[in-house]
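The values are calculated or read from the model by the stated rules, or taken from the named source; none is laboratory data. Keep in mind that this is a model prediction, so the values were computed, not measured. Here Cβ is always computed from backbone atoms with ideal geometry, including for glycine, and neighbour counts include all displayed protein chains. Protein only, heavy atoms only, side chains kept; ligands, DNA and RNA dropped before computing areas. Shrake-Rupley method; radii C 1.70, N 1.55, O 1.52, S 1.80 Å.
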Amino acid sequence: MSARFFAASCVNEGAGRSDVTRHHTLPPDITVLERGWLSSNNILLHGDKPGEGAILIDTGYVTHAAQTLALLDSALRPGEGIRLIANTHLHSDHCGGNAAVAERHECPILIPPGEFSAIAAWDEDALSYRATGQRCERFSPAGTWAQGDVIHQAGREWQIHAAPGHDPHSVIVFDPQSSTLISADALWETGFGIVFPELDGERAFDEVEATLDLIERLNPAWIIPGHGAPFRDLPRALRVARERLRYFRQEPQRHALHAAKALTVFHMLEVRETPQRDLIGWLLAAPVLMNTWHRFFSERKPEVWIHEIIEDLVRAKVLGRASTGPFPRIIAIGN
(Lines give C-alpha, C1' and ligand atoms only; values in the text may rest on other atoms or scores of the structure.)
Protein backbone atom coordinates (compact mmCIF):
# COMPACT_ATOMS: atom_id res chain seq x y z
CA MET A 1 0.00 0.00 0.00
CA SER A 2 1.61 3.23 -1.14
CA ALA A 3 0.34 6.75 -1.51
CA ARG A 4 1.35 9.87 -3.36
CA PHE A 5 0.43 13.41 -2.38
CA PHE A 6 -0.43 15.87 -5.17
CA ALA A 7 -0.70 19.55 -4.34
CA ALA A 8 1.94 22.25 -4.72
CA SER A 9 4.32 19.29 -4.45
CA CYS A 10 4.09 15.58 -5.10
CA VAL A 11 5.48 13.17 -2.50
CA ASN A 12 6.00 9.51 -3.38
CA GLU A 13 6.11 7.54 -0.16
CA GLY A 14 6.43 4.08 -1.70
CA ALA A 15 9.24 1.59 -1.26
CA GLY A 16 10.80 3.33 1.73
CA ARG A 17 11.75 6.50 -0.11
CA SER A 18 10.41 10.03 -0.42
CA ASP A 19 10.83 11.82 -3.74
CA VAL A 20 9.60 15.40 -4.04
CA THR A 21 8.91 17.07 -7.39
CA ARG A 22 7.16 20.36 -8.08
CA HIS A 23 3.57 20.40 -9.34
CA HIS A 24 2.37 23.87 -10.30
CA THR A 25 -0.93 22.94 -11.90
CA LEU A 26 -3.12 21.89 -8.98
CA PRO A 27 -4.57 24.80 -7.01
CA PRO A 28 -2.88 25.09 -3.60
CA ASP A 29 -6.12 24.44 -1.73
CA ILE A 30 -6.49 20.94 -3.24
CA THR A 31 -4.53 17.91 -2.06
CA VAL A 32 -4.87 14.52 -3.77
CA LEU A 33 -3.80 11.38 -1.99
CA GLU A 34 -3.22 8.91 -4.80
CA ARG A 35 -3.86 5.47 -3.35
CA GLY A 36 -2.91 2.02 -4.55
CA TRP A 37 -5.64 -0.59 -4.81
CA LEU A 38 -7.75 -1.45 -2.86
CA SER A 39 -8.52 2.17 -2.01
CA SER A 40 -9.74 4.97 -4.22
CA ASN A 41 -7.94 8.30 -4.24
CA ASN A 42 -8.78 10.71 -1.42
CA ILE A 43 -9.20 14.39 -2.29
CA LEU A 44 -8.91 17.15 0.32
CA LEU A 45 -10.44 20.55 -0.42
CA HIS A 46 -8.81 22.80 2.14
CA GLY A 47 -10.53 25.83 3.63
CA ASP A 48 -9.24 29.38 3.40
CA LYS A 49 -10.43 30.63 6.80
CA PRO A 50 -9.08 29.72 10.25
CA GLY A 51 -11.06 26.85 11.70
CA GLU A 52 -13.08 26.29 8.53
CA GLY A 53 -11.99 22.68 8.07
CA ALA A 54 -11.40 20.65 4.93
CA ILE A 55 -13.83 18.68 2.79
CA LEU A 56 -12.77 15.08 2.10
CA ILE A 57 -14.02 13.41 -1.06
CA ASP A 58 -13.93 9.59 -0.84
CA THR A 59 -12.29 7.62 1.95
CA GLY A 60 -10.87 4.39 0.52
CA TYR A 61 -11.42 0.74 1.48
CA VAL A 62 -12.19 -0.44 5.01
CA THR A 63 -9.01 -2.50 5.43
CA HIS A 64 -6.95 0.62 4.67
CA ALA A 65 -8.79 2.80 7.24
CA ALA A 66 -5.82 3.12 9.61
CA GLN A 67 -3.56 4.12 6.73
CA THR A 68 -6.18 6.58 5.48
CA LEU A 69 -6.29 8.27 8.90
CA ALA A 70 -2.49 8.51 9.01
CA LEU A 71 -2.31 9.94 5.49
CA LEU A 72 -4.95 12.53 6.31
CA ASP A 73 -3.06 13.53 9.46
CA SER A 74 -0.01 14.17 7.25
CA ALA A 75 -1.96 16.07 4.58
CA LEU A 76 -4.12 18.32 6.76
CA ARG A 77 -2.74 21.75 7.55
CA PRO A 78 -1.77 22.74 11.12
CA GLY A 79 -4.91 23.09 13.20
CA GLU A 80 -7.11 21.89 10.33
CA GLY A 81 -9.73 19.20 10.72
CA ILE A 82 -12.26 17.69 8.33
CA ARG A 83 -15.66 19.36 8.37
CA LEU A 84 -17.38 17.17 5.77
CA ILE A 85 -17.01 13.83 4.01
CA ALA A 86 -18.63 13.50 0.58
CA ASN A 87 -18.70 10.33 -1.53
CA THR A 88 -18.76 10.31 -5.32
CA HIS A 89 -20.51 6.92 -5.14
CA LEU A 90 -20.95 4.10 -2.65
CA HIS A 91 -18.68 1.35 -3.94
CA SER A 92 -16.69 -0.09 -1.07
CA ASP A 93 -13.33 1.28 -2.25
CA HIS A 94 -14.72 4.84 -2.12
CA CYS A 95 -16.61 4.84 1.18
CA GLY A 96 -15.05 2.09 3.30
CA GLY A 97 -13.19 4.61 5.46
CA ASN A 98 -16.26 6.77 6.13
CA ALA A 99 -16.94 5.40 9.60
CA ALA A 100 -13.34 5.73 10.82
CA VAL A 101 -12.83 9.25 9.44
CA ALA A 102 -16.22 10.48 10.67
CA GLU A 103 -15.50 9.16 14.16
CA ARG A 104 -12.04 10.76 14.27
CA HIS A 105 -13.15 14.16 12.97
CA GLU A 106 -16.78 14.19 14.18
CA CYS A 107 -18.01 15.31 10.77
CA PRO A 108 -21.13 14.56 8.70
CA ILE A 109 -21.23 12.47 5.54
CA LEU A 110 -22.97 13.30 2.26
CA ILE A 111 -23.74 10.61 -0.32
CA PRO A 112 -25.24 10.71 -3.82
CA PRO A 113 -29.03 10.34 -4.01
CA GLY A 114 -30.65 7.03 -4.84
CA GLU A 115 -29.29 4.79 -2.08
CA PHE A 116 -29.91 6.84 1.04
CA SER A 117 -32.61 4.47 2.32
CA ALA A 118 -30.44 1.41 1.65
CA ILE A 119 -27.50 2.94 3.51
CA ALA A 120 -29.71 4.13 6.38
CA ALA A 121 -31.06 0.57 6.76
CA TRP A 122 -27.65 -0.93 5.90
CA ASP A 123 -29.25 -3.23 3.33
CA GLU A 124 -26.22 -5.01 1.85
CA ASP A 125 -28.44 -6.78 -0.68
CA ALA A 126 -29.62 -3.44 -2.07
CA LEU A 127 -26.05 -2.15 -2.01
CA SER A 128 -23.10 -3.70 -3.85
CA TYR A 129 -21.27 -5.18 -0.88
CA ARG A 130 -22.90 -8.60 -0.63
CA ALA A 131 -22.98 -9.07 -4.42
CA THR A 132 -19.27 -8.32 -4.79
CA GLY A 133 -18.17 -10.05 -1.59
CA GLN A 134 -16.54 -6.83 -0.43
CA ARG A 135 -16.67 -5.20 2.98
CA CYS A 136 -17.69 -1.78 4.24
CA GLU A 137 -18.02 -0.60 7.83
CA ARG A 138 -21.47 0.72 8.56
CA PHE A 139 -21.84 4.50 8.57
CA SER A 140 -24.73 6.94 8.83
CA PRO A 141 -25.10 9.65 6.16
CA ALA A 142 -26.38 13.07 7.14
CA GLY A 143 -27.78 13.88 3.71
CA THR A 144 -27.19 13.83 -0.03
CA TRP A 145 -25.45 15.92 -2.66
CA ALA A 146 -26.98 15.75 -6.10
CA GLN A 147 -27.18 17.14 -9.62
CA GLY A 148 -27.38 20.93 -9.45
CA ASP A 149 -26.02 21.30 -5.92
CA VAL A 150 -23.02 23.55 -5.23
CA ILE A 151 -20.46 23.05 -2.47
CA HIS A 152 -18.67 26.23 -1.34
CA GLN A 153 -15.09 25.89 -0.18
CA ALA A 154 -12.12 28.28 -0.21
CA GLY A 155 -13.95 30.74 -2.45
CA ARG A 156 -14.76 28.04 -5.01
CA GLU A 157 -18.17 26.81 -6.09
CA TRP A 158 -17.88 23.08 -6.70
CA GLN A 159 -20.71 22.00 -9.01
CA ILE A 160 -22.23 18.55 -8.60
CA HIS A 161 -23.15 16.67 -11.80
CA ALA A 162 -24.87 13.30 -12.13
CA ALA A 163 -22.54 10.81 -13.85
CA PRO A 164 -24.29 7.45 -14.27
CA GLY A 165 -22.71 4.53 -16.09
CA HIS A 166 -20.11 2.92 -13.85
CA ASP A 167 -22.65 3.31 -11.06
CA PRO A 168 -26.21 4.59 -11.55
CA HIS A 169 -25.91 7.07 -8.67
CA SER A 170 -22.38 8.35 -9.16
CA VAL A 171 -21.57 12.06 -9.28
CA ILE A 172 -18.62 14.08 -10.52
CA VAL A 173 -17.53 17.43 -9.09
CA PHE A 174 -16.33 20.45 -11.09
CA ASP A 175 -14.84 23.82 -10.15
CA PRO A 176 -15.18 26.28 -13.07
CA GLN A 177 -12.77 28.78 -11.51
CA SER A 178 -9.75 26.45 -11.60
CA SER A 179 -11.26 24.20 -14.31
CA THR A 180 -10.66 21.17 -12.07
CA LEU A 181 -12.80 18.03 -12.35
CA ILE A 182 -13.05 15.26 -9.76
CA SER A 183 -14.10 12.50 -12.14
CA ALA A 184 -14.27 9.49 -9.77
CA ASP A 185 -14.57 6.32 -11.89
CA ALA A 186 -16.40 8.00 -14.77
CA LEU A 187 -13.09 8.82 -16.46
CA TRP A 188 -9.57 7.60 -15.81
CA GLU A 189 -6.49 8.45 -17.81
CA THR A 190 -6.77 5.01 -19.43
CA GLY A 191 -10.51 4.32 -19.45
CA PHE A 192 -13.25 4.10 -16.82
CA GLY A 193 -14.57 1.76 -14.15
CA ILE A 194 -16.53 -1.45 -14.65
CA VAL A 195 -20.04 -0.70 -15.91
CA PHE A 196 -21.78 -2.65 -13.16
CA PRO A 197 -25.39 -2.28 -14.40
CA GLU A 198 -24.42 -4.08 -17.62
CA LEU A 199 -23.49 -7.15 -15.56
CA ASP A 200 -27.09 -7.21 -14.29
CA GLY A 201 -28.59 -6.92 -17.74
CA GLU A 202 -29.35 -3.19 -17.49
CA ARG A 203 -28.34 -1.03 -20.46
CA ALA A 204 -25.74 1.42 -19.19
CA PHE A 205 -23.17 1.83 -21.97
CA ASP A 206 -25.31 4.72 -23.28
CA GLU A 207 -25.03 6.37 -19.86
CA VAL A 208 -21.24 5.96 -19.95
CA GLU A 209 -21.25 7.75 -23.31
CA ALA A 210 -23.48 10.54 -22.02
CA THR A 211 -21.19 11.07 -19.03
CA LEU A 212 -18.12 11.24 -21.29
CA ASP A 213 -19.97 13.82 -23.41
CA LEU A 214 -20.73 15.83 -20.26
CA ILE A 215 -17.05 15.79 -19.25
CA GLU A 216 -16.09 16.94 -22.75
CA ARG A 217 -18.52 19.88 -22.45
CA LEU A 218 -17.10 20.85 -19.06
CA ASN A 219 -13.66 20.77 -20.71
CA PRO A 220 -11.59 20.62 -17.50
CA ALA A 221 -7.95 21.61 -17.58
CA TRP A 222 -7.13 19.21 -14.76
CA ILE A 223 -8.78 15.83 -14.01
CA ILE A 224 -8.53 14.05 -10.66
CA PRO A 225 -9.68 10.43 -11.20
CA GLY A 226 -10.86 7.89 -8.67
CA HIS A 227 -7.78 5.78 -9.36
CA GLY A 228 -4.42 6.81 -10.77
CA ALA A 229 -2.58 10.10 -10.89
CA PRO A 230 -4.24 13.40 -11.75
CA PHE A 231 -3.81 14.27 -15.42
CA ARG A 232 -4.34 17.08 -17.92
CA ASP A 233 -4.66 15.55 -21.38
CA LEU A 234 -8.46 15.39 -21.61
CA PRO A 235 -8.68 14.75 -25.39
CA ARG A 236 -6.43 11.70 -25.13
CA ALA A 237 -8.30 10.32 -22.10
CA LEU A 238 -11.66 10.75 -23.84
CA ARG A 239 -10.32 9.09 -26.99
CA VAL A 240 -9.08 6.09 -24.99
CA ALA A 241 -12.35 5.85 -23.04
CA ARG A 242 -14.51 6.03 -26.17
CA GLU A 243 -12.43 3.42 -27.95
CA ARG A 244 -12.82 1.17 -24.91
CA LEU A 245 -16.56 1.83 -24.83
CA ARG A 246 -16.94 0.96 -28.53
CA TYR A 247 -15.06 -2.28 -27.93
CA PHE A 248 -17.26 -3.25 -24.99
CA ARG A 249 -20.42 -2.43 -26.93
CA GLN A 250 -19.31 -4.67 -29.78
CA GLU A 251 -18.11 -7.42 -27.44
CA PRO A 252 -20.12 -7.28 -24.18
CA GLN A 253 -18.62 -10.62 -23.19
CA ARG A 254 -15.22 -8.92 -23.11
CA HIS A 255 -16.53 -6.36 -20.65
CA ALA A 256 -18.02 -9.13 -18.52
CA LEU A 257 -14.73 -11.06 -18.52
CA HIS A 258 -12.80 -7.89 -17.68
CA ALA A 259 -15.15 -7.29 -14.74
CA ALA A 260 -14.82 -10.87 -13.48
CA LYS A 261 -11.03 -10.66 -13.55
CA ALA A 262 -10.98 -7.25 -11.86
CA LEU A 263 -13.23 -8.46 -9.04
CA THR A 264 -11.06 -11.57 -8.61
CA VAL A 265 -7.92 -9.46 -8.33
CA PHE A 266 -9.62 -7.06 -5.89
CA HIS A 267 -10.46 -10.00 -3.61
CA MET A 268 -6.94 -11.37 -3.83
CA LEU A 269 -5.40 -7.99 -3.02
CA GLU A 270 -7.50 -8.02 0.14
CA VAL A 271 -6.69 -11.57 1.29
CA ARG A 272 -3.17 -11.55 -0.25
CA GLU A 273 -2.80 -15.36 -0.27
CA THR A 274 -5.25 -18.25 -0.18
CA PRO A 275 -5.50 -21.93 -1.20
CA GLN A 276 -6.68 -22.16 -4.81
CA ARG A 277 -9.64 -24.28 -3.78
CA ASP A 278 -10.74 -21.55 -1.34
CA LEU A 279 -10.46 -18.91 -4.06
CA ILE A 280 -12.57 -21.05 -6.39
CA GLY A 281 -15.13 -21.51 -3.62
CA TRP A 282 -15.26 -17.77 -2.93
CA LEU A 283 -15.75 -16.95 -6.61
CA LEU A 284 -18.51 -19.56 -6.97
CA ALA A 285 -20.28 -17.98 -3.98
CA ALA A 286 -19.95 -14.36 -5.14
CA PRO A 287 -23.35 -13.33 -6.57
CA VAL A 288 -21.97 -10.82 -9.09
CA LEU A 289 -19.56 -13.44 -10.49
CA MET A 290 -22.21 -16.12 -10.82
CA ASN A 291 -24.67 -13.69 -12.37
CA THR A 292 -21.99 -12.73 -14.88
CA TRP A 293 -21.33 -16.39 -15.64
CA HIS A 294 -25.04 -17.09 -16.08
CA ARG A 295 -25.61 -14.17 -18.46
CA PHE A 296 -22.46 -14.45 -20.58
CA PHE A 297 -20.63 -17.76 -20.13
CA SER A 298 -23.16 -20.43 -19.19
CA GLU A 299 -22.16 -22.65 -22.14
CA ARG A 300 -19.30 -23.76 -19.85
CA LYS A 301 -19.55 -25.15 -16.34
CA PRO A 302 -18.97 -22.43 -13.75
CA GLU A 303 -16.00 -24.32 -12.27
CA VAL A 304 -14.35 -24.45 -15.70
CA TRP A 305 -14.94 -20.74 -16.29
CA ILE A 306 -13.54 -19.82 -12.86
CA HIS A 307 -10.48 -22.01 -13.45
CA GLU A 308 -9.88 -20.24 -16.79
CA ILE A 309 -10.03 -16.83 -15.09
CA ILE A 310 -7.45 -17.87 -12.50
CA GLU A 311 -5.16 -19.37 -15.15
CA ASP A 312 -5.39 -16.21 -17.29
CA LEU A 313 -4.45 -14.04 -14.32
CA VAL A 314 -1.54 -16.30 -13.39
CA ARG A 315 -0.24 -16.28 -16.98
CA ALA A 316 -0.51 -12.48 -16.98
CA LYS A 317 1.48 -12.44 -13.71
CA VAL A 318 -1.28 -10.55 -11.95
CA LEU A 319 -1.66 -13.52 -9.60
CA GLY A 320 0.94 -16.12 -8.75
CA ARG A 321 1.20 -19.61 -7.27
CA ALA A 322 3.10 -19.99 -4.02
CA SER A 323 3.13 -23.78 -4.36
CA THR A 324 2.20 -26.54 -6.77
CA GLY A 325 0.84 -30.02 -6.37
CA PRO A 326 -2.64 -31.07 -5.31
CA PHE A 327 -3.14 -28.06 -2.97
CA PRO A 328 -1.63 -24.97 -4.65
CA ARG A 329 -1.87 -21.53 -3.06
CA ILE A 330 -2.65 -18.37 -5.00
CA ILE A 331 -0.92 -15.10 -4.13
CA ALA A 332 -1.60 -11.52 -5.12
CA ILE A 333 1.18 -9.75 -7.01
CA GLY A 334 1.35 -5.99 -6.62
CA ASN A 335 0.22 -3.43 -4.07
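Just the number, please: Stokes-Einstein D of the range 242-335 in µm²/s, Kirkwood Rh from C-alpha pairs, 25 °C, 0.890 mPa s.
Calculated translational D: 178 µm²/s.
Hey, rough spin-label estimate for Ala210 and Ser179, points 7 angstrom out along Cα→Cβ, what's it come to in nanometres?
2.7
How do His152, His64 stack up against each other in accessible area, from largest to smallest, with a 1.4 angstrom probe?
His152, His64
How far is the Cα center of the range 210-289 from the Cα center of the range 141-190, in Å?
Using only Cα atoms to place each centre, the spacing works out to 19 Å.
Run the dipole for the chain about the Cα centre, Lys and Arg Cβ at +1, Asp and Glu Cβ at -1, nothing else charged, and hand back the magnitude in debye, nearest 20. Can you show the working numbers first?
On the way: 32 positive and 42 negative charges, 199 e Å.
So the magnitude is around 960 debye.
Please compute the length gained on full extension between Ala118 and Asp149, using 0.36 nm multiplied by the number of residues separating them and subtracting their Cα-Cα distance.
9.0 nm
Suppose all protein chains stay in the model; what accessible area per residue would a 1.4 Å probe give for the chain, in Å²? Mind showing how you got there, number by number?
On the way: 14460 Å² over 335 residues.
For the chain, the per-residue accessible area is 43 Å².
What percent of all Cα-Cα pairs in the range 216-289 falls in each 10 Å bin, counting up from 0?
Percent of Cα pairs in each bin: 16, 32, 29, 19, 5.
Please compute the modelled spin-label separation between Glu103 and Asp48, points set 7 Å along Cα→Cβ, answer in nm with one decimal.
3.6
Only bridges whose two residues both fall in the chain count here: according to DSSP, what percent of them are antiparallel, nearest 5? Don't jump to the answer; show the numbers that get you there.
Numbers: 37 of 49 bridges.
Rounded to the nearest five, the antiparallel share is 75 percent.
Got a sec? Charge dipole of the chain, +1 on Cβ for Lys and Arg, -1 for Asp and Glu; which of Trp188, Gly47, Ser128 is way out at the positive end?
Trp188
Taking all protein chains as present, what is the carbon and sulfur share of the accessible area of the range 252-320, in % to the nearest whole number, probe 1.4 Å?
Carbon and sulfur: 55 percent of the exposed surface of the range 252-320.
When you take every Cα atom in the chain, what is the radius of gyration, and what is Dmax, the widest Cα pair distance, in Å?
Using the Cα atoms of the chain, the pair Rg, Dmax is 19.8, 63 Å.
To the nearest 20 debye, what is the magnitude of the charge dipole of the range 115-167 about its Cα centre, counting +1 on the Cβ of each Lys and Arg and -1 on the Cβ of each Asp and Glu? It would help to have the intermediate numbers written out before the result.
Working: 4 positive and 8 negative charges, 30 e Å.
Result for the range 115-167 is approximately 140 debye, rounded to the nearest 20.
Mark the label point 7 Å from the Cα of Asp200 along Cα→Cβ and return the residues of the range 136-166 whose backbone N is within less than 17 Å of it.
163-166
Kindly give the semi-axes, whole Å and largest first, of the ellipsoid equivalent to the range 246-296, taking each as the square root of 5 times a Cα gyration tensor eigenvalue.
Equivalent ellipsoid of the range 246-296: 23, 12, 7 Å, largest first.
Calculate the all-directions average of the projected area of the range 167-276's alpha-carbon convex hull, and give it in nm².
Computed as one quarter of the Cα hull surface, the answer is 7.8 nm².
Projecting each Cα onto the charge dipole of the chain (Lys/Arg +1, Asp/Glu -1 at the beta carbon, about the Cα centre), which of Phe248, Pro197, Ala75 comes out farthest on the positive side?
In the chain, that residue is Phe248.
Out of the range 176-281, which trypsin sites (Lys or Arg not before Pro) are coil in DSSP terms and have no more than 15 other C-beta atoms within 10 Å?
Values: sites: Arg203, Arg217, Arg232, Arg236, Arg239, Arg242, Arg244, Arg246, Arg249, Arg254, Lys261, Arg272, Arg277; in loops: Arg203, Arg232, Arg272.
In loop regions of the range 176-281 (DSSP not H, G, I, E or B), the sparsely surrounded trypsin sites (Lys or Arg not before Pro) are Arg203, Arg232, Arg272.
Could you give the length gained on full extension between Lys301 and Arg315, defined as 0.36 nm per residue of separation minus the Cα-Cα distance, in nm?
2.9 nm
Considering only the other residues whose Cβ falls under 10 Å of the Cβ of Pro197, what net charge follows from Lys and Arg at +1 and Asp and Glu at -1? The partial results should precede the final answer.
Values: positive: Arg203; negative: Asp167, Glu198, Asp200, Glu202, Glu207.
Every neighbour counted, the sum reads -4.
When only DSSP loop residues count, what GluC sites (Glu not before Pro) in the range 29-106 have their Cβ near at most 13 other Cβ atoms within 10 Å?
The qualifying sites are Glu106.
Counting other C-beta atoms within 10 Å, and keeping those with at most 13, which DSSP coil chymotrypsin sites (Phe, Trp or Tyr not before Pro) do you find in the range 93-140?
Counting only loop positions with at most 13 other Cβ atoms within 10 Å, the chymotrypsin sites (Phe, Trp or Tyr not before Pro) in the range 93-140 are Trp122.
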